[in-house]
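This report refers to the structure that appears directly beneath it.
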Amino acid sequence: MARGSTRPTSRDVAQAAGVSQAAVSLVLGDKWRGRVSKTTAQRVREAARDLGYRPNLAARNLRLGRTRTVLLVVPALTTEFFAGVYTGAARVAAEHGFGVVLYPSPEGVGPARDPFASAQAALDGVIASSMAADALTAIRGDQLPLVMLDSDPAGSLGAATVNLDIADGVRQIAEHLLSLGHRRFLHLAADVPSWTFEVRARELASRLREVPGTSIRTARAPISIEGAVTATESALSLPGPRPTALVCDDDKLAAGAYKAIRRLGLRVPDDVSVTGLDDLALATAIDPELTTVRLDAELFGERGMRALLAVMEGRPPEAGDIPVTLVVRGSTAPPGLP
C-alpha cells in the first residue's frame, strides 16, 4: 500500500504482520488470548501502529449492536480529583476499545438533565459517583450495567461497587492526632447527603469514643472555601474550651478552615492542628502544608472501569477497597497550652 494514498485496512495490517484478517480482528478486538500467541498479538499491534490503522468502529458497532461507550457520572468538576478518576477510567477503557463520556452533574449533586435522548440506546454502561447518584434517574442509568463509586455496598443501585478505604483513612487521621496528644476535636463535615461523608463522621466518632477524655463538636459546611470559613469561625468562637484539632472532610474545607483560624488571630498548628482528606494539589499550596489522606483518584477510576467490564462480561469484579495513605505535613503538631 502506498503510504498516505488511502486509509489502511485490516487486510493491509494482516499482510504486514503475516497473519490472517481474522487474527487481526481478534487482536485489535482484545479477544486474542488463548487464540493467538502473545508474539503474534504484538506483531499485529506494531503493524497497525506503523501503518496508522484505526478500526472502523462505526461499522463494528453496527454489527455488534453496541456503541462501546461508557458514561462516567460525577459531581461538578470543582477539584482535580474527579479529573483523575476520569483519566484512570479512560485509560482502561481505551485498552478495551471503549470510550468514556464524562458527565458532571451541573449543580454538583442532585438531579441533572438527561444528556442523551435515550441513554440505553447510546451507552453500554455507567460508572457513577454516589455524590451524583440522583443524576442516574434522569439518564435512566440504573437500567444499564452500572458500577457505583464511593457507595454503600449494602444498598447500592449498581451491579458492583468500588470504594476507597475511607474508613481506614479517617482512622489513620484520628490515630495521628490522638498520638500527638489531642483530645478536643472539631469535625468540619461536608454538608452533602452522601454515604462517603457518613462514613467519615461515623468512623471519627467511633474511634474517639474509645479514648477517655475526648470530646468532639461537629460543624457542617458546603464544600467551598467560603462555607468552610463561616462554619469554622462560628464553631471556634463558641464558649468553652476551644478544640485543638480540626478534622476536615476534604482539603478544600481545610483551606477555608485555615482562613477562619487566621481571622480569629490563631495559628496553624500552634493553636489548632488541621487535617484534610484527598491530597489535592491545594494541600501543598497552602502554608503550612496540609496533613491529609492521599486518595489515588486514577486507580479509583481504573478499578471502576475494570469492574464495569467485568459486569458487562458476566465476571465477578475485583474485591476489596483501595488502600489510602496518611501524609503527615506541617499542619499538625502537639496541642499548645490550654
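The values are calculated or read from the model by the stated rules, or taken from the named source; none is laboratory data. Just so you know, these numbers come straight off a predicted model, no measurement behind them. Positions of Cβ are generated from backbone atoms using ideal geometry, with glycine treated the same way; all protein chains shown enter the neighbour counts. What goes into the accessible areas is simple: the full protein's heavy atoms, side chains included, and nothing from ligands, DNA or RNA. Shrake-Rupley method; radii C 1.70, N 1.55, O 1.52, S 1.80 Å.
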**Request:** Enumerate the pairs (first residue in segment 19-33 and within 17 Å of residue 51 (Cα to Cα) and open to solvent by less than 30 Å² (accessible area, probe 1.4 Å); second residue anywhere and part of a loop (DSSP other than H, G, I, E, B) and not hydroxyl-bearing (Ser, Thr, Tyr)) with beta-carbon separation below 6 Å, excluding pairs fewer than 6 apart on the same chain, so at least 6 apart or on different chains.
**Result:** 23/36
**Request:** Give the residue, chosen from 218, 196, 230, that is open to solvent by 20 Å² or more (accessible area, probe 1.4 Å) and under 21 Å from residue 166 (Cβ atoms).
**Result:** 218
**Fill in**
Counted residues in segment 58-77 being at pLDDT below 65 and not aliphatic (A, V, I, L, M) come to 5
**Item:** Options 179, 215, 151, 194; residue that is without any contact (Cβ under 8 Å) to a residue 24 or more places away in the chain and of a type in the set (Ser, Thr, Tyr)
**Value:** 179
**Asked** Which of (1) within 22 Å of the chain's Cα centre (by Cα); (2) among the hydrophobic types (A, V, I, L, M, F, W, C); (3) open to solvent by 20 Å² or more (accessible area, probe 1.4 Å) is the odd one out, the single condition residue 205 does not satisfy?
**Response** (1)
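Can you spot a residue in segment 234-241 that is surrounded by 17 or more Cβ atoms within 10 Å (Cβ to Cβ) and at pLDDT 95 or above?
The initial filter retains those residues of segment 234-241 that are surrounded by 17 or more Cβ atoms within 10 Å (Cβ to Cβ), namely 235-236.
From the residues that got through so far, the ones that are at pLDDT 95 or above too are 235-236.
Yes: segment 234-241 contains one or more residues that are surrounded by 17 or more Cβ atoms within 10 Å (Cβ to Cβ) and at pLDDT 95 or above.
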**Item:** Count - residues of segment 281-297 that are touching a Ser or Thr at 6+ places or on another chain (Cβ under 6 Å), part of a helix (DSSP H, G or I) and either surrounded by fewer than 18 Cβ atoms within 10 Å (Cβ to Cβ) or of a type in the set (Phe, Trp, Tyr) (or both)
**Value:** 0
**Request:** For residue 98, state whether it is within 17 Å of the chain's Cα centre (by Cα), surrounded by 15 or more Cβ atoms within 10 Å (Cβ to Cβ), modelled with pLDDT of 85 or more and not aliphatic (A, V, I, L, M).
**Result:** no
**Message:** Every residue in segment 243-285 that is closer than 16 Å to residue 230 by Cβ, among the acidic types (Asp, Glu) and over 20 Å from the mean Cα position of the chain (by Cα), please.
**Reply:** none
**Yes/no for residue 223 being open to solvent by less than 40 Å² (accessible area, probe 1.4 Å) and under 29 Å from residue 272 (Cβ atoms)** = no
**Asked** Does residue 50 satisfy being in a helix (DSSP H, G or I), in contact with a helix residue (DSSP H, G or I) (Cβ under 9 Å, 6 or more places away or on another chain) and modelled with pLDDT under 85?
**Response** no
**Message:** Anything in segment 264-280 that is in a loop (DSSP other than H, G, I, E, B) and either farther than 26 Å from residue 325 by Cβ or open to solvent by 10 Å² or more (accessible area, probe 1.4 Å) (or both)? List them, or say none.
**Reply:** 264, 265, 266, 267, 268, 269, 270, 271, 279, 280
**Prompt:** What helices (runs of 4 or more DSSP H), lying completely within segment 122-232, carry at least 2 residues that are among the hydroxyl-bearing types (Ser, Thr, Tyr) and modelled with pLDDT of 95 or more?
**Reply:** none
**Request:** Determine whether segment 149-165 contains at least one residue that is more than 30 Å from residue 317 (Cβ to Cβ), open to solvent by 40 Å² or more (accessible area, probe 1.4 Å) and not polar (S, T, N, Q).
**Result:** no
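Just give me the residues in segment 312-338 being of a type in the set (Val, Ile, Thr) and either within 18 Å of residue 298 (Cβ to Cβ) or outside any loop (DSSP other than H, G, I, E, B) (or both), in sequence order.
The answer is 322, 324, 325, 327.
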**Residue list for segment 286-338, restricted to those being modelled with pLDDT of 95 or more, over 21 Å from the mean Cα position of the chain (by Cα) and aliphatic (A, V, I, L, M)** = 286, 328, 333
